[in-house]
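The next block holds one structure in the form of structure tokens; read it before the comments.
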Amino acid sequence: MRRRDFLVGCSAAAAPFFTPVVMAEGPWEARIVVIILRGAMDGLDVVRPIGDPDYGWLRPTLSQQEGEIPLGEFWAMHQALAPLRPLWDRGQLGFAHAVSTPYRDRRSHFDGQDMLEAGGNDLVGRPRGGWLNRLVSAVPNATSRTAFAIGREEMLILDGEAPVSSWSPEAGLSLSPQARRLLARVYEGDPLFEQASADAIAIADQVSLGSGESAMVEGVNSGTEHAGLARFAAERLREETRIASFSLSGWDTHNGQSRDMGRALGRLCDTILTLRAELGPLWDKTAVMCLTEFGRTAAENGSRGTDHGTGGAMIYAGGALKGGQVITDWPGLSEADLYAGRDLMPTRDVRAYAGWMLRQLTGLPTSVIESTLFPDLDLGADPKIVL
Amino acid sequence: MAIGDPEMAAIRFGLGLGPLAEWDVRPDDMLLRLVGRDAAAERWPIPTFSEARPTLAEQFQTTLDMNAARDAADEARIAELNALRQTYAEDMSTLYWESFRNTLARASLSRDGFRERLVEFWANHFTVRSENSRTRHLVTPFVEEAIRPRLTGRFADMLWAVTIHPMMLLYLDQVSSIGPNSRVGRASRRGLNENLARELLELHTMGPEGPYLQEDVRELAELLTGLNFRADRGFVFETLRVEPGSETVLGQVYPATADLENVLAVIMDLAHHPATARHVSRKLATYFISDTPPQAIIDQMATRFDETGGDLLAVYEAMLTHPLAWEAPRQKVKTPFGFVPSALRGLGIGEAFFDGAPRGVLRMGFERQLTVMGQDWQRPVGPDGFATLAHEWVTPQGMAGRINWAMTVPQTLVDDLPDPRSFVDVALGQGATEPVRFAARAAETRAEGIGLVLASAAFQRR
């Protein structure tokens, strides 16, 4: 998105504006998909600690929803995740619980998301850009196609110095060769416009030449925007792209949580199943991480919802990962166990899970992850999520 | 660039250049027009929330009537009510599209451009979003009622009007916040919802850097517990929902009187806080002048804010009379909803187009295209509204949307596009650059020539 080398083969007016070039193979084979769940997903409702003695009274109505899926004695998965049950059974879906970023106390969506995507320890003096972008810059031979930010929304997580691409499946652009040359002229001297428009043209070309082969997925609402994001991501990942990121919103369940959570999880199921179907055999090399800015209050609020909290859950899926487990150092839910007397206590930094996954999937040394990707993070022990 | 340069006034503080209107605007004129008649609203009317039909009360009544009819198994009545609902649905859709069209028309044709820009700014500052079909037609009427008439008054008055407005009470969940120890709270076992309290501090007044803590958010939420909206009665203050006891917000104690005066007091205190003056001034300067506005302008504005008790007209004047507001390079990028009407203005699209614009054209030629450019009209992702910084809009996809619109839509709107060579001067004035002139000359078709001018950085920046 930001750098010249995306435009290999193009020179301003004389040559054809964009010449497709053979992109270098990505530096590793794994496909990494990071989905930002905007709005603060309630981890305690997604993966319910049904064996915890305090769970029921904290959540008098939310704990009584029908159809939840038991995951052993202690845990149950939200009923809306039923379509992912086969993935759980096959060990391709798992959770890390009681996790959070280092963000505390203010409980603002926007700051919380910035913190999650920037990857630092603090908002003040936070690292520039996002940690996925720093991952790209830490990898030799990365090209701008190595990573793709997908969808209409700005993705801070992929923003930064390293070349990345961004696109929304609904954009299209068809221009005459003369119009392309002249466009380059009218953006000369304004690097922001120059770069963005050149990238727009290049991506539009590539997308219009794309395979367009679309596997139908049974039970998936495939005409929707989120399925479109997943399809586009899979298309890119089948090519030279190795990292894709996009966001899903609708998690801010202040009231009527059971309805809104069901919808949001339905979209997440569609998204993951579309990725799996479209990636085909590559699914075995794929790791999907679903991260949210923070969790929600341990207790249900007055309107059958939950308010902004602290600790939450991470969802992960993919054939490259070891699922079928809820990984956690469970803090408990008694009043004394809660953070600030109200929220699930985070017992591990969610960046440690992301960091270990990246460590194993990309071969990047621990020191780079602890310094460049997530400055000052202590990765700790390997949770061994990668197969 | 001198203070009050007419072109700069039109481009930076107004709606852009064009062949139809007179653009000889000076800062004093801008402010005079702003306090004068609202001619654009008279010509392109949008009902206020109270006037807009169907109202929430009407829709609520239909639900009650339908329940009664179903209980009585009164088939004729049920059919009648279904027909009424159908009529409502059509009315809502009509109003939504009329509001879209009239907002577009105002932004394209008004001679009082600063007013339209300020409406956009404040509507974004106090973002509300419709989250179900019952209120989809009511977002513009909210702006028309709570914001547009208060552009030149005190900040505190606008803050109060939006805070107690049904659309805000609904959007930020105040309707479901109840004092847990209030009569209603104890009986229903329901409790607080902090959403409005948090956004009041973080977005509407002092900003995320403000000197407040989680305890302030909570105490403020407790103070706000009486604010409610009832579909049949509108805004109400309900003592039975108020959390008992006094509350302390930012060190100020508000007594346990459980009345609206108490809420008014805390909102006034927040509105007049120095951190609010700084946050609002910075945000205005960032919106109009630069992504990194000079501190001197912000200081001048914030000082006037403090001196005048938040008199917005004085704050705008402080901005417009600062030389740096005119000297800063053209760095801002128009939002999609700034770009598209400014293009229509440049093209001289007249009133007749808007009067006759069919819904299909509005949808396919405008609303959808704005979405691709990154601005889903009235549906920003969160209460922080749409982005304002250049790099947030100038992305590959955003540019695909802008270029595509510029190249393809104008030719569908007029029989004869202007000559691109003269259009350069009309649209860009002294901002015309040699590369844009060259492109306008060298384009293969008129449509491409116009598209190149409109897509150029010179036109996109202000």
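Just the residues that are more than 7 Å from chain A (Cβ to nearest Cβ) and crowded, with 19+ Cβ neighbours inside 10 Å, please, taken from segment B:434-447.
Hits for segment B:434-447 are B:ALA440, B:ALA447.
Counting just the residues of segment B:414-433 that are under 33 Å from the mean Cα position of the chain (by Cα) and among the charged types (D, E, K, R), which one comes out nearest to the other protein chains (Cβ to nearest Cβ)?
B:ASP425
Can you list the helices (runs of 4 or more DSSP H) found entirely within segment B:137-239 that contain at least 3 residues being acidic (Asp, Glu) and open to solvent by 10 Å² or more (accessible area, probe 1.4 Å)?
B:214-223
Filtering segment A:166-222 down to residues that are buried (at least 24 other Cβ atoms within 10 Å of the Cβ) and polar (S, T, N, Q), which residue is modelled with the highest pLDDT?
Result: A:SER197.
Go over the candidates A:LEU84, A:LEU58, A:LEU93 one by one and state the one that is within 14 Å of chain B (Cβ to nearest Cβ), touching a Leu at 6+ places or on another chain (Cβ under 7 Å) and modelled with pLDDT of 95 or more.
Numbers: A:LEU84 fails: within 14 Å of chain B (Cβ to nearest Cβ); A:LEU93 fails: within 14 Å of chain B (Cβ to nearest Cβ).
Only one candidate passes the filter, namely A:LEU58.
Can you give me the number of residues within segment B:163-205 that are within 11 Å of chain A (Cβ to nearest Cβ), in contact with a helix residue (DSSP H, G or I) (Cβ under 7 Å, 6 or more places away or on another chain) and closer than 26 Å to A:ASP111 by Cβ?
So the answer is 13.
Which residue out of A:GLY280, A:GLY295 is at positive phi and away from chain B (no Cβ under 11 Å)?
Residue meeting the stated conditions: A:GLY280.
Would you confirm whether or not segment A:322-341 contains a residue that is at pLDDT 95 or above, farther than 24 Å from A:PRO70 by Cβ and of a type in the set (S, T, N, Q)?
Looking for residues that are at pLDDT 95 or above, farther than 24 Å from A:PRO70 by Cβ and of a type in the set (S, T, N, Q), one finds none in segment A:322-341, hence no.
Kindly indicate whether A:PHE74 is aromatic (Phe, Trp, Tyr), open to solvent by 10 Å² or more (accessible area, probe 1.4 Å) and under 30 Å from A:ARG276 (Cβ atoms). Give the steps one after another, and end with the answer.
Working: aromatic (Phe, Trp, Tyr): yes; open to solvent by 10 Å² or more (accessible area, probe 1.4 Å): yes; under 30 Å from A:ARG276 (Cβ atoms): yes.
Yes: the conditions hold for A:PHE74.
Name the residues in segment A:249-275 that are open to solvent by less than 10 Å² (accessible area, probe 1.4 Å) and out of contact with any Pro (no Cβ under 7 Å at 6 or more places or on another chain), would you?
Selection gives A:TRP251, A:THR253, A:HIS254, A:GLN257, A:MET261, A:ALA264, A:LEU265, A:LEU268, A:THR271, A:ILE272, A:THR274, A:LEU275.
Before we move on, is B:SER133 more than 24 Å from B:LEU56 (Cα to Cα), of a type in the set (S, T, N, Q) and modelled with pLDDT under 95?
no
Quick one: in segment B:97-136, of everything that is assigned to a helix (DSSP H, G or I), open to solvent by less than 10 Å² (accessible area, probe 1.4 Å) and of a type in the set (S, T, N, Q), which residue is nearest to B:SER342 (Cα to Cα)?
Ranking the qualifying residues of segment B:97-136, first place goes to B:SER108.
Any residue in segment B:329-340 that is farther than 24 Å from B:GLY449 by Cβ, among the aromatic types (Phe, Trp, Tyr) and either under 21 Å from the mean Cα position of the chain (by Cα) or modelled with pLDDT of 95 or more (or both)?
Yes, because at least one residue in segment B:329-340 is farther than 24 Å from B:GLY449 by Cβ, among the aromatic types (Phe, Trp, Tyr) and either under 21 Å from the mean Cα position of the chain (by Cα) or modelled with pLDDT of 95 or more (or both).
Can you pull out every residue in segment A:276-289 that is more than 12 Å from A:ARG31 (Cα to Cα) and surrounded by 22 or more Cβ atoms within 10 Å (Cβ to Cβ)?
Listed by number, the list holds a single entry, A:GLU278.
What residue, of B:THR308, B:THR225, B:THR292, B:THR321, is at negative phi, modelled with pLDDT under 95 and not aliphatic (A, V, I, L, M)?
After applying the criteria, what remains is B:THR321.
In this structure, does A:ARG351 turn out to be open to solvent by less than 30 Å² (accessible area, probe 1.4 Å) and not aromatic (Phe, Trp, Tyr)?
yes
Only residues that are open to solvent by 10 Å² or more (accessible area, probe 1.4 Å) and more than 14 Å from every other protein chain (Cβ to nearest Cβ): list them for segment A:101-110, please.
A:PRO102
Provide a single number: the residues in segment B:286-316 that are open to solvent by 50 Å² or more (accessible area, probe 1.4 Å), in a helix (DSSP H, G or I) and β-branched (Val, Ile, Thr).
1
The values are calculated or read from the model by the stated rules, or taken from the named source; none is laboratory data. Keep in mind that this is a model prediction, so the values were computed, not measured. Backbone-built Cβ (ideal geometry, glycine too); neighbour counts: all protein chains shown. Just the protein is used for accessible areas: all its heavy atoms, side chains included, with ligands, DNA and RNA removed. Shrake-Rupley method; radii C 1.70, N 1.55, O 1.52, S 1.80 Å.
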